[in-house]
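Colleague: Dumping the structure here so I can ask a few things about it.
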Amino acid sequence: MKTFESIKPEVVKLETEPEPLEINLRRTAVVVVDMTNAFIRKGGFFDILGVDISLCEKTINTVKSVTQVARDNGCRIIHVVHKLAKDLSDAGGEDSVNRAKDASLRIARDNPGLIDGLYFRDTWGSEIVDELTPQEGDLVIEKPRYSAFAGTKLDMILRGYDIKYAVFVGIATNGCVEASIRDAFNLEYWPILISDACASNGPEFTQKATIWIVKLCLGWVTTSDQFSEALRRSTTYNRKD
């Protein structure tokens, strides 16, 4: 009797810009950046700053679909979340540029009653949104700065899993996502930005600017539909007698 066995090949071709890219799924990780209440929900950090969080909220379902299809096809899922200690032990010294520029620290100092919506450890703001609760096998890494690599073990973890291709989604395109992509490039990973699975915290041109610079010299850009379709299309069937 003839049967058909589903086989997932390791290498798939993505429709990306500036040119198509073949990736090995066993060497691919999806890095989910700052999909937390602070950056997405009403009452969170971005909302307090006056950012249009509706653009951030729209990414939730897109990120969810990307991570699910990636899990189903053997990719690693790594959630990286911005968190600072309430005692500011990881915020930098009094003369730190981070203390000078981090708006969350300023808000906490001037309006301590708002701290639960910010990205301090053990607050509502620092929690990953419910829709993207990490699944079995996912990894969660805390970061104290914009880049997912700064002050974290992400590089060590990726090398431990022999990851070459780093797919980036999350918030904000022009902030923590771009900072992470720049470091990934400099560390010799192959960065891929999924443009509709991230959102900027500024004018529309900031989203376009990051996409442009990634395509120009930092990596490749694709969409969630193109990414998902490539992985779903990767199933082949081996006929057995």
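Colleague: Principal axis extents for the range 1-142, Cα atoms only, whole Å, descending order, please.
Modeller: 73, 31, 29
Colleague: Still on this structure, please answer the following. State the answer as a single residue: which of G113, T67, V33 lies farthest towards the positive end of the charge dipole of the chain, with beta carbon charges of +1 for Lys and Arg and -1 for Asp and Glu, about the Cα centre.
Modeller: Going by the charge dipole, the pick is T67.
Colleague: Please compute the alpha carbon radius of gyration of the range 122-227, then divide it by the globular-protein estimate 2.2 N^0.38 Å. Two decimals is fine.
Modeller: Taking N as the residue count of the range 122-227, the ratio is 1.07.
Colleague: Rank the residues Y161, Y146 as a footprinting-exposure proxy: fewest other Cβ atoms within 10 Å of their Cβ go first.
Modeller: Placing the least packed residue first, the sequence is Y161, Y146.
Colleague: Please compute the Cα-Cα pair-distance distribution of the range 7-57 with 5 Å bins starting at 0, giving whole percents from short to long.
Modeller: The distribution over the range 7-57 is 5, 17, 16, 12, 9, 11, 14, 12, 4, 1, given as percents.
Colleague: Follow-up. With unit charges on the beta carbon (Lys/Arg positive, Asp/Glu negative), name the residue among S104, T16, C56 whose Cα is farthest towards the positive pole of the charge dipole of the range 1-137.
Modeller: Farthest along the dipole direction, towards plus: T16.
Colleague: Round to the nearest 10 and give me the degree value, 0 to 90, for the angle of helix 204-213's Cα axis relative to the longest principal axis of the chain.
Modeller: Between the helix axis and the principal axis of the chain, the angle is about 50 degrees.
Colleague: How much of the pair distance distribution for the range 180-234 lies past 17 Å, counting alpha-carbon pairs only, in percent?
Modeller: 42
Colleague: Right, something else. Helix-only mean residue ellipticity at 222 nm, the chain, DSSP H runs n ≥ 4 weighted -39,500 (n - 2.57), per residue, nearest 500. What is it?
Modeller: So the helix-based figure for the chain works out to -8000 deg cm²/dmol.
Colleague: When 1/r is averaged over all different Cα pairs and the result inverted, which Kirkwood radius in Å belongs to the range 105-155?
Modeller: Kirkwood hydrodynamic radius for the range 105-155: 12.8 Å.
Colleague: Could you size up the charge dipole of the range 75-137 around its Cα centre, putting +1 on the beta carbon of Lys and Arg and -1 on that of Asp and Glu, and report it in debye to the nearest 20? Spell out each step's value before the answer.
Modeller: Working: 8 positive and 12 negative charges, 44 e Å.
Here the size comes out at about 220 debye.
Colleague: What are the trypsin sites (Lys or Arg not before Pro) within the range 87-129 that DSSP puts in a loop, where the Cβ has at most 10 other Cβ atoms within 10 Å? Numbers along the way, then the final one.
Modeller: Working: sites: R99, K101, R106, R109, R121; in loops: R121.
Passing both the DSSP loop test and the Cβ count: no residue.
Colleague: Could you tally the net charge around S195, taking each other residue with its Cβ under 14 Å from the Cβ of S195, Lys/Arg +1 and Asp/Glu -1?
Modeller: Local net charge: -3.
Colleague: Could you give the angle, 0 to 90 degrees to the nearest 10, between helix 59-72's Cα long axis and the longest principal axis of the Cα atoms of the chain?
Modeller: The angle comes out near 40 degrees.
Colleague: Also, quick follow-up: Run the dipole for the range 159-241 about the Cα centre, Lys and Arg Cβ at +1, Asp and Glu Cβ at -1, nothing else charged, and hand back the magnitude in debye, nearest 20.
Modeller: Computed charge dipole of the range 159-241: roughly 260 debye.
Colleague: Check T36: other-chain or 5+ apart residues with amide H under 5 Å from its amide H, H built from backbone geometry?
Modeller: Amide H to amide H, under 5 Å and 5 or more residues apart or across chains, T36 pairs with V129.
Colleague: Taking the Cα centre of the chain as origin and charging only Cβ (+1 Lys, Arg; -1 Asp, Glu), how large is the dipole, in debye to the nearest 20?
Modeller: Details: 30 positive and 35 negative charges, 103 e Å.
So the dipole magnitude of the chain works out to roughly 500 debye.
Colleague: Amide H of I141 versus every other amide H placed in the peptide plane: which residues, excluding those fewer than 5 positions away on the same chain, fall under 5 Å?
Modeller: H79, V80, V81
Colleague: Here is a follow-up. Strictly greater than 22 Å: what percent of every Cα pair in the chain meets that?
Modeller: Beyond 22 Å sits 53 percent of the P(r) for the chain.
Colleague: Follow-up. Using the number of other C-beta atoms within 10 angstrom as an exposure proxy, rank K153, K83 with the fewest first.
Modeller: Working: K153 12, K83 22.
Ranking K153, K83 by Cβ neighbours within 10 Å, fewest first, gives K153, K83.
Colleague: Here's another thing I want to ask about it. Given the range 1-129, what percent of its DSSP beta bridges are antiparallel, to the nearest 5?
Modeller: In the range 1-129, DSSP labels about 45 percent of beta bridges as antiparallel.
Read-outs throughout are calculated quantities, based only on the coordinates presented, and are distinct from any laboratory measurement. Nothing here was measured: the structure is a model prediction, and the numbers come from that model. Glycine also receives a Cβ, built like all others from the backbone with ideal geometry; neighbour counts cover every protein chain displayed.
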